[in-house]
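Remarks on the structure that follows.
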Amino acid sequence: MSIVKLEEFFNFKSQEPINRLAYTKEDMDYKIKVIRKMQELGMDVTIDTIGNICGSIKIGEKPGKTIAIGSHTDSVYNGGQYDGPVGVISGLQTVEELLKSKKHNGTIKVVIYSCEESSRFGNACLGSKYLNGDITPSDFDNIKVQKKSEDGKQITLREAIQEAKKYLHERVQGITEVEKVFDSVDYALEAHIEQYKELAKEYKKNKRQNVIGIVTSVGSAVRVQYDVTGQSDHTGSTPMRKRKNAVDTTALVGKEIIKLGTKYEKTGIGRASQVEISTPGHNRSFNQIPNKAQGLIDFRLLGKNTPDSVLQDFNKILEKVQKKTKTKTEMTVVSKGIPVVTSKELNSTIEKVCIEKNIKSIQMPSYAGQDTGYVPAKKKTMIFIPSKGGSHNPKERTKKEFIELASQVITGTCETILLEKFKDRNAVNIVPKIKSTKQKAVNLKKRQEVRIH
Ligand SMILES: [Zn+2]
C-alpha cells in the first residue's frame, strides 16, 4: 500500500474552478494536507519568513547531495487543479520510493514555494524570489493585495503571511520556523504540466507512448510602458501629412511588435505582444486628433536573450515609428526578468532515465515564468507532463498516469544523482522509519477555525 495517493490531492473527475489564492485559507488547507503527508513520510517540516514550506529527509546513512523537488500550490482566480501541485505531490511520491532504496545517500527536500501566481499580489514567484534574495522582508510592507477586501482594506504581504502562519500553526504541530528553508541546494527539480498541448499531441501521435518535456530554458518577462506625445488638431481640417496623431504611433508600434515577436519565436528566443493601448484625456472625441497615447508591451524572453537586447530592439521600433508619425515617445521599464538556461548535465541525466524507462522525451522551453527560474541551486531544471485545456482555467487537466510518470522520472533522476559511488553496500542498512501522524491529525481537526482573508 502506498502512502502518497494521488486521489487525496487531485479529483481527476472534477473540472470545478480552483480558487487557492496565495496565503488564503484554501491555499493553507491544501498545504496542511501536504504537510501531514510529509510528516507521515518522516520528513522534518520547516516554514520560512515568507511562508515557503519544506519537508526534509535524509536518505541512506552516508552524506550525499541535497536535492530540492518542488513547485507551488497557490492558483489564479478560477484556475485549474494541476498547475503547481503536480510538482509538489510527485516530490512526495519520489520520497516514498527513495525511502525503500538502500543504495542511495543524500537529502531530499520537498518544497512548496509560496505565492507563485501573481494574481493576489501582482508579483509572481515571491517564495522563490525570496530564496535567491530578489525579495527581502523589507519589501513585505510595500507589496499589497491587488483587490481590496469588502471592508475596503488592502492588506500587505506581511499581514497575509502572518495570518496564514497563525492559521497553519493552530492546526498542525511540529513545523519549525526558519529564516529560509534553504540558502542553496546542489540540485533543484520541478515537474509541471505543460500548460499547452504539444506533449498531449505527441502522446496521441505516437500511439500513446509516454512522453515528457525536458525544459531547456525558463522564460522571463520584460514589461514596458511607452507614452506618446503628438498634437491635438481638427480631424477634418488638418491635412494627412501635417498630422501628429499619437494613436497612429501605437498602431504602427503594434504592427512592428507582431513582426518582432514572430522573429523571436522563429529563432526560439521569445515572443512579444502589445497588450493595451489607451488615449489619456481624449474623451472619445471624434473630431480631435489625439495628442496623447500610451501602450503596454509584454516581452517573453528565452535562452540567452537578455532584457538589454530586447529593450534595444524596442527602442529602434520607437525611433522608426516616431519619425514617421512626427510624434515623441518615452519608454518606462516596468519589470525586467532574466531568462534562465537550465542545467545541460541534469537534462542529459533525465534523458537517459527516460530511455531506460522507455519514455519519449522532448527538449522544449517554458515560455511562462516558473519558480525554477529563481530557486538558488547549483544545477536546476524542470520537466513538463502532457496536459490539455490550456492552463489558468478550470478545464486544465492531465491524467493520473502522467503525474505518476513525472514521479518516475524525478525518482530515476534522484537515484542517479544519489547513487553511492563506492561498492560497500552493506555499510548502508538504516533507512529512516516512516512515522504515523494520523492520530495527531484527528485531534487537530477539532480545533476552531480562524477566518483568514
Ligand atoms: Zn505553475
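Computed values, structure above
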item	result
Residue match in the range 293-303 (condition: in contact with a Pro (Cβ under 7 Å, 6 or more places away or on another chain), assigned to a strand (DSSP E or B), in contact (Cβ under 8 Å) with a residue 24 or more places away in the chain and over 23 Å from residue 267 (Cβ atoms))	yes
Cross-chain or 6+ apart pairs with Cβ under 7 Å, the range 153-176 first and basic (Lys, Arg), then part of a loop (DSSP other than H, G, I, E, B) and at pLDDT below 95	166/450; 171/447
Residue, nearest to residue 407 (Cα to Cα), within the range 189-200, restricted to residues that are of a type outside the set (Asp, Glu) and within 15 Å of the ligand (Cβ to nearest atom)	191
Considering residues of the range 103-115 that are within 13 Å of the ligand (Cβ to nearest atom) and hydrophobic (A, V, I, L, M, F, W, C) only, the residue nearest to residue 52 (Cα to Cα)	112
Count of residues meeting criterion [part of a strand (DSSP E or B) and under 17 Å from residue 220 (Cα atoms)] in the range 315-344	6
Boolean, residue 250 is away from the ligand (no atom under 16 Å from the Cβ) and within 18 Å of the chain's Cα centre (by Cα)	no
Conditions (1) loosely packed, with under 11 Cβ neighbours inside 10 Å; (2) in contact (Cβ under 8 Å) with a residue 60 or more places away in the chain; (3) of a type outside the set (A, V, I, L, M): number failed by residue 244	(1)
Residue list for the range 367-381, filter: modelled with pLDDT of 95 or more and either within 16 Å of the ligand (Cβ to nearest atom) or part of a strand (DSSP E or B) (or both)	370, 371, 372, 373, 374, 375, 377, 378, 379, 380, 381
Scope the range 41-62; condition surrounded by fewer than 19 Cβ atoms within 10 Å (Cβ to Cβ) and of a type in the set (Asp, Glu); matching residues	44, 61
Filter pass, residue 206 being buried (at least 17 other Cβ atoms within 10 Å of the Cβ), of a type outside the set (A, V, I, L, M, F, W, C) and out of contact with any Ser or Thr (no Cβ under 8 Å at 6 or more places or on another chain)	no
The listed residue being in contact with a helix residue (DSSP H, G or I) (Cβ under 8 Å, 6 or more places away or on another chain) and either surrounded by 14 or more Cβ atoms within 10 Å (Cβ to Cβ) or in the same structural domain as residue 264 (by TED's automatic domain parsing) (or both), out of 318, 311	318
Any hit, the range 156-172, residues being over 13 Å from residue 48 (Cα atoms) and touching a His at 6+ places or on another chain (Cβ under 6 Å)	no
Residue match in the range 121-135 (condition: under 30 Å from residue 60 (Cβ atoms) and aliphatic (A, V, I, L, M))	yes
Which numbered condition residue 339 misses (of (1) more than 15 Å from the chain's Cα centre (by Cα); (2) crowded, with 22+ Cβ neighbours inside 10 Å; (3) more than 25 Å from residue 81 (Cα to Cα))	(1)
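For every residue, the table says whether it meets (1) under 24 Å from residue 39 (Cβ atoms); (2) in contact with a Ser or Thr (Cβ under 8 Å, 6 or more places away or on another chain); (3) within 16 Å of the ligand (Cβ to nearest atom); (4) not assigned by TED's automatic domain parsing to the domain that holds residue 391.
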{"site": "101", "(1), (2), (3), (4)": "yes, no, no, no"}
{"site": "117", "(1), (2), (3), (4)": "no, yes, yes, no"}
{"site": "132", "(1), (2), (3), (4)": "no, no, no, no"}
{"site": "146", "(1), (2), (3), (4)": "no, yes, no, no"}
{"site": "158", "(1), (2), (3), (4)": "no, no, no, no"}
{"site": "169", "(1), (2), (3), (4)": "yes, no, no, no"}
{"site": "178", "(1), (2), (3), (4)": "yes, yes, no, no"}
{"site": "202", "(1), (2), (3), (4)": "no, no, no, yes"}
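Yes/no matrix, rows are residues, columns are (1) on the phi > 0 side of the Ramachandran plot; (2) part of a loop (DSSP other than H, G, I, E, B); (3) in contact (Cβ under 8 Å) with a residue 40 or more places away in the chain:
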| residue | (1), (2), (3) |
| --- | --- |
| 273 | no, no, no |
| 280 | no, yes, no |
| 285 | no, yes, no |
| 290 | no, yes, yes |
| 313 | no, no, yes |
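Here is a yes/no grid of residues against (1) free of Cβ contacts under 8 Å to residues at least 24 places away in the same chain; (2) over 26 Å from residue 385 (Cβ atoms):
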| residue | (1), (2) |
| --- | --- |
| 95 | no, no |
| 110 | no, no |
| 114 | no, no |
| 119 | no, no |
| 128 | no, no |
| 135 | no, yes |
| 139 | yes, yes |
| 146 | no, yes |
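The values are calculated or read from the model by the stated rules, or taken from the named source; none is laboratory data. Not measured: the values here are computed from a predicted model. Neighbour counts run over all protein chains shown; Cβ positions are idealised from the backbone, glycine included.
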